[in-house]
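Visitor: Following this message is one structure expressed as structure tokens.
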Amino acid sequence: MRSIDARIFRREGRVVCAFDWVDRGWLEQLCAVRGVSGDESRVADLVWALGRPFIDVGHRDAMGNLILMRHWDRPGPRLVLCAHLDEVGLIITHIDDDGWLRFEPVGGMDLRLLPGVAVRVGAGGISGVIASPPIHLVPSTERDQALALDDLRIDIGASDRAAAERRVEVGDVVCFTRSPMDIGECFAGCALDDRAGIAAILGVLRATRDLALPVAAAFTVQEEIGTRGAAAVAAALQPDVAVVVETTTAADLPGVPAHRRVTRLGQGPAITIQDGGMIASGDLVRELVAAARMAEVPFQWKESVSGGTDGARFARAGGQSAVVSLPCRYLHAPMGLLYPEDLDQEVRLLVRWLEDRAAVWERAVNG
Amino acid sequence: MVDEVGADALGNTWGIFRGADAPNAEGHRPLLAMGAHLDVIGLVVTRLLPGGFLRVAPIGGIDRRALLGQCVIVEGRRPVPAVVCTVPPHLTAAQERTRLPSFDDLALDTGLWRAELQGCVAVGDRIHFVVDPVELCDGRLVAPGLDNRAGVAALHEAVRQLERIRLGWDVAVVANVQEEVGLRGIAAVSRRLAPDVVVIVDVGFGDQPGVPEHQRAIVGKGPVLAIGPSLHGPLTRGILRLARRLDMPIQREAVAGASGTDAWALAAAGAPVALISIPLRSMHTPVEMVALSDVAATGRLLVALAQEIGEVDRCQDLSP
């Protein structure tokens, strides 16, 4: 297991403490707050409260995107760091006569993860579960068959439609129950995609308060249903450079061959060459790699051309764009895992990149 | 408090309230046994893998459809939290996502290095689900393991009330083991206690989509009395009459063959057996659900039965 050896070596060889560059409390709060696509305001409020000390001005646009800016009117290339506020979830589509709730996924989700999961419904966070009919009634030849969306209902305990309608409405969004915790040496939480990216950007903003670069942190809505918030942000800000801070699949799991693992926990942040929506700007990738090498930050390549991020929107707006991702296991599931040192290394990488950028600009201005 | 407590080597545990009735001519005192199984489904560690992963096997008929991505606790030297691994969608074709991995391919992720894992987890350690119990609306409780902790809770409620009641027969309250792996515990108890009448308290299929109407009981409408060839007719009818007389809620279910409960395993006891079930939804998943009112009503029915078992027995001429 090469990845494990690398982790152990790194642990012995380095002195980066977990949660040095990102407050654990930020991540816990961010993972605890509900924010399915279209219902991101609670997350935006929290990010505003956490990020305010590190910026000059901030605003929310009509879609709900939160933009925090620093030195934005100064001369020089305008940089955007971007992470999305929303998370995948479900939406109530119908209330049955006997009080059962039907739903559809919001964002991409493996339906096999849903049966037997505890959820919260609507603005009030009504407790419910995704019911699963007893396996005893399934013939033994069909027990390998996953349940389909049509077989699944949310049960809030309501005895009939009227009882259900007093508590929920069609259109209410549903999220997984949330209790961030430690699993082994990993931080486990709900919606690490992309609350971990938000936490990283907050860490970067805090560590670069003294840099006189025009920087904006864009926290976008509706990423999970098609990077819609970022489209508005990219058009409004027209940044010269955008780095999207995301999470990406770590499939370093038993039974998955080495070439299909995409990324591995414990080997630092992942840099994207190309994904389903964009080709990362080559110059920008080289800058990021140089920053990683200078700061002695371990990094890995995202070894898969798949998925899409807000980066595609910035690329289409005409600036340079790249994606730096935190490897996470079990994305779009009720409980994801990240390795805290990876998060710190990601912040160190981005901080060093900003510092290098500032130095280059200063040299250019001062001749 | 019960008058006597007992346990056997298998782990079955019981308490006995001594009744006031005089023994019969052979010196025999009639005994009613009320049993609920104590065990719950789960997983067991079969192998430690590099990278902090575990291979597991099921204990009992765990529902694989409700397993992926769940959070669990490994009961190792210390409690070790873990997640049931899921392979991300980009590695699976769409049609694969309609199939479930077999237990051979399932792994748990403890997030621990192997060296550390070996210090705190061993092959054979049991694994249980972590879902915090939560009360939904209309008095419904969700928790893992309500099959059959709901039945145990009903028995416990009965015990609390029986303490204050003068009984005729002796009444044994039994918490038995290993039901989920093949109805093993109750057989040993019945050999040991040789009861004259047995009532098994378990859970039954509640009303939910996917359960046919003829196989479901309504959650919140009271305990379910099973009627069928393997269950003692006169005793069952006696319980039904008792419930009606006392105006207690009761539902009926017909059981053509095996009930899938401890009641099925008691043929060798040679005693009349009845089965009372608490309706439960999402059986053998981490989010089993019952109505609290059904648990309480089951407890009350058991108390009434313990009080009146002499009458029920005499009316139906159940005596040996």
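Visitor: So which of B:122, B:115 ends up being assigned to a loop (DSSP other than H, G, I, E, B) and small (Gly, Ala, Ser)? Step through it out loud before you land on a result.
Guide: On the way: B:115 fails: assigned to a loop (DSSP other than H, G, I, E, B).
Residue meeting the stated conditions: B:122.
Visitor: Collect the residues in segment A:144-195 that are of a type in the set (A, V, I, L, M, F, W, C) and assigned to a loop (DSSP other than H, G, I, E, B), keeping them in residue-number order.
Guide: Correct list: A:146, A:147, A:148, A:152, A:156, A:158, A:168, A:170, A:190, A:191.
Visitor: Let me ask something else. For the structure I just gave you, tell me whether residue A:207 is surrounded by fewer than 23 Cβ atoms within 10 Å (Cβ to Cβ), in contact (Cβ under 8 Å) with a residue 24 or more places away in the chain, out of contact with any strand residue (DSSP E or B) (no Cβ under 9 Å at 6 or more places or on another chain) and assigned by TED's automatic domain parsing to the domain that holds residue A:283.
Guide: So residue A:207 passes the test.
Visitor: The conditions are (1) at pLDDT below 95; (2) surrounded by 14 or more Cβ atoms within 10 Å (Cβ to Cβ); (3) in a loop (DSSP other than H, G, I, E, B), and residue A:4 fails exactly one of them. Which is it?
Guide: Residue A:4 satisfies every listed condition except (3).
Visitor: Exactly one condition in (1) buried (at least 22 other Cβ atoms within 10 Å of the Cβ); (2) within 14 Å of chain B (Cβ to nearest Cβ); (3) of a type in the set (A, V, I, L, M, F, W, C) is not met by residue A:297; state its number.
Guide: Of everything listed in (1) buried (at least 22 other Cβ atoms within 10 Å of the Cβ); (2) within 14 Å of chain B (Cβ to nearest Cβ); (3) of a type in the set (A, V, I, L, M, F, W, C), residue A:297 misses just condition (2).
Visitor: Tell me, which residue of segment A:218-260 that is in contact with a Leu (Cβ under 8 Å, 6 or more places away or on another chain) and assigned to a helix (DSSP H, G or I) is farthest from residue B:106 (Cα to Cα)?
Guide: A:229
Visitor: If you don't mind, there's one more thing I want to ask. Every residue in segment A:233-278 that is within 30 Å of residue A:18 (Cβ to Cβ), of a type in the set (A, V, I, L, M, F, W, C), more than 14 Å from every other protein chain (Cβ to nearest Cβ) and in contact (Cβ under 8 Å) with a residue 60 or more places away in the chain, please.
Guide: Within segment A:233-278, A:241, A:242, A:243, A:244, A:245 qualify.
Visitor: Filter segment A:327-362 down to the residues that are outside any helix (DSSP H, G or I) and more than 19 Å from residue A:32 (Cα to Cα) and list them by number.
Guide: Hit for segment A:327-362 is A:327, nothing else.
Visitor: Could you please let me know if residue B:208 is of a type in the set (S, T, N, Q), on the phi < 0 side of the Ramachandran plot and either touching a helix residue (DSSP H, G or I) at 6+ places or on another chain (Cβ under 7 Å) or within 14 Å of chain A (Cβ to nearest Cβ) (or both)? If you could, list the steps in order and put the result at the bottom.
Guide: Details: of a type in the set (S, T, N, Q): yes; on the phi < 0 side of the Ramachandran plot: yes; either touching a helix residue (DSSP H, G or I) at 6+ places or on another chain (Cβ under 7 Å) or within 14 Å of chain A (Cβ to nearest Cβ) (or both): yes.
Against the criterion (of a type in the set (S, T, N, Q), on the phi < 0 side of the Ramachandran plot and either touching a helix residue (DSSP H, G or I) at 6+ places or on another chain (Cβ under 7 Å) or within 14 Å of chain A (Cβ to nearest Cβ) (or both)), residue B:208 qualifies.
Visitor: While we're on this one: Name the one entry in B:229, B:223, B:144 that is without any contact (Cβ under 8 Å) to a residue 60 or more places away in the chain and not β-branched (Val, Ile, Thr). Working first, answer last.
Guide: Values: B:223 fails: without any contact (Cβ under 8 Å) to a residue 60 or more places away in the chain; B:144 fails: without any contact (Cβ under 8 Å) to a residue 60 or more places away in the chain.
Result of the check over B:229, B:223, B:144: B:229.
Visitor: If you scan segment A:272-294, which residues turn out to be surrounded by 20 or more Cβ atoms within 10 Å (Cβ to Cβ), out of contact with any strand residue (DSSP E or B) (no Cβ under 6 Å at 6 or more places or on another chain) and over 17 Å from residue A:358 (Cα atoms)?
Guide: A:275, A:278, listed by residue number.
Visitor: Here are B:161, B:208: which of them is in contact (Cβ under 8 Å) with a residue 60 or more places away in the chain, more than 19 Å from the chain's Cα centre (by Cα) and within 25 Å of residue A:136 (Cα to Cα)?
Guide: B:208
Visitor: For residue A:281, all conditions in the list (1) within 13 Å of chain B (Cβ to nearest Cβ); (2) farther than 30 Å from residue A:89 by Cβ; (3) among the hydroxyl-bearing types (Ser, Thr, Tyr) hold save one; what is the number of the exception?
Guide: All conditions are met except number (1).
Visitor: Right, another one. Hey, does segment A:198-217 have a residue that's within 15 Å of the chain's Cα centre (by Cα) and either among the charged types (D, E, K, R) or part of a loop (DSSP other than H, G, I, E, B) (or both)?
Guide: Within segment A:198-217, none of the residues are within 15 Å of the chain's Cα centre (by Cα) and either among the charged types (D, E, K, R) or part of a loop (DSSP other than H, G, I, E, B) (or both).
The rows are residues; the columns are (1) within 30 Å of residue A:353 (Cα to Cα); (2) modelled with pLDDT of 95 or more; (3) among the small types (Gly, Ala, Ser).
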{"position": "A:53", "(1), (2), (3)": "yes, yes, no"}
{"position": "A:100", "(1), (2), (3)": "no, yes, no"}
{"position": "A:108", "(1), (2), (3)": "no, no, yes"}
{"position": "A:122", "(1), (2), (3)": "no, yes, yes"}
{"position": "A:150", "(1), (2), (3)": "no, no, no"}
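Visitor: Could you tell me whether residue A:117 is in contact with a His (Cβ under 6 Å, 6 or more places away or on another chain), within 14 Å of chain B (Cβ to nearest Cβ), within 30 Å of residue B:64 (Cα to Cα) and crowded, with 18+ Cβ neighbours inside 10 Å?
Guide: No: the conditions fail for residue A:117.
Visitor: Can I ask one more? So is residue A:124 assigned to a loop (DSSP other than H, G, I, E, B), in contact (Cβ under 8 Å) with a residue 12 or more places away in the chain, surrounded by fewer than 16 Cβ atoms within 10 Å (Cβ to Cβ) and facing chain B (nearest Cβ under 9 Å) or not?
Guide: no
Visitor: For the structure I just gave you, tell me whether residue B:219 is surrounded by 22 or more Cβ atoms within 10 Å (Cβ to Cβ), in a loop (DSSP other than H, G, I, E, B), in the same structural domain as residue B:280 (by TED's automatic domain parsing) and at pLDDT 95 or above.
Guide: Considered against the rule, which asks whether it is surrounded by 22 or more Cβ atoms within 10 Å (Cβ to Cβ), in a loop (DSSP other than H, G, I, E, B), in the same structural domain as residue B:280 (by TED's automatic domain parsing) and at pLDDT 95 or above, residue B:219 comes out as yes.
Here is a yes/no grid of residues against (1) facing chain A (nearest Cβ under 7 Å); (2) closer than 20 Å to residue B:290 by Cα:
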residue: B:70; (1), (2): yes, no
residue: B:75; (1), (2): no, no
residue: B:80; (1), (2): no, no
residue: B:85; (1), (2): yes, no
residue: B:106; (1), (2): no, no
residue: B:149; (1), (2): no, yes
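Visitor: Does residue A:131 satisfy the condition of being crowded, with 24+ Cβ neighbours inside 10 Å and in contact (Cβ under 8 Å) with a residue 40 or more places away in the chain?
Guide: no
Visitor: Another question about this same structure. Taking residue B:22, is it under 17 Å from the mean Cα position of the chain (by Cα), of a type outside the set (Lys, Arg) and in the same structural domain as residue B:152 (by TED's automatic domain parsing)?
Guide: no
Visitor: Next question. Does residue B:54 fit the bill of being surrounded by fewer than 23 Cβ atoms within 10 Å (Cβ to Cβ), outside any loop (DSSP other than H, G, I, E, B), over 16 Å from the mean Cα position of the chain (by Cα) and in contact (Cβ under 8 Å) with a residue 40 or more places away in the chain?
Guide: No.
Visitor: Quick one: count up the residues across segment B:87-104 that are in a loop (DSSP other than H, G, I, E, B), more than 10 Å from chain A (Cβ to nearest Cβ) and in contact with a strand residue (DSSP E or B) (Cβ under 8 Å, 6 or more places away or on another chain).
Guide: Of the residues in that region, 0 qualify.
Visitor: Take residue B:129 and decide whether it is farther than 15 Å from residue B:71 by Cβ, in contact with a strand residue (DSSP E or B) (Cβ under 9 Å, 6 or more places away or on another chain) and among the aromatic types (Phe, Trp, Tyr). Step through it out loud before you land on a result.
Guide: Numbers: farther than 15 Å from residue B:71 by Cβ: no; in contact with a strand residue (DSSP E or B) (Cβ under 9 Å, 6 or more places away or on another chain): yes; among the aromatic types (Phe, Trp, Tyr): yes.
Judged against the criteria, residue B:129 is not a match.
Visitor: Inspect all residues belonging to segment A:39-47 and state whether any of them is assigned to a helix (DSSP H, G or I) and touching a strand residue (DSSP E or B) at 6+ places or on another chain (Cβ under 7 Å).
Guide: Here is the first cut: in segment A:39-47, the residues assigned to a helix (DSSP H, G or I) are A:41-47.
Going one step further and asking which of them are touching a strand residue (DSSP E or B) at 6+ places or on another chain (Cβ under 7 Å), we end up with A:44, A:47.
Scanning segment A:39-47, I find at least one residue that is assigned to a helix (DSSP H, G or I) and touching a strand residue (DSSP E or B) at 6+ places or on another chain (Cβ under 7 Å), so the answer is yes.
The values are calculated or read from the model by the stated rules, or taken from the named source; none is laboratory data. From a predicted model like this one, the values you see are computed outputs, not experimental measurements. Positions of Cβ are generated from backbone atoms using ideal geometry, with glycine treated the same way; all protein chains shown enter the neighbour counts.
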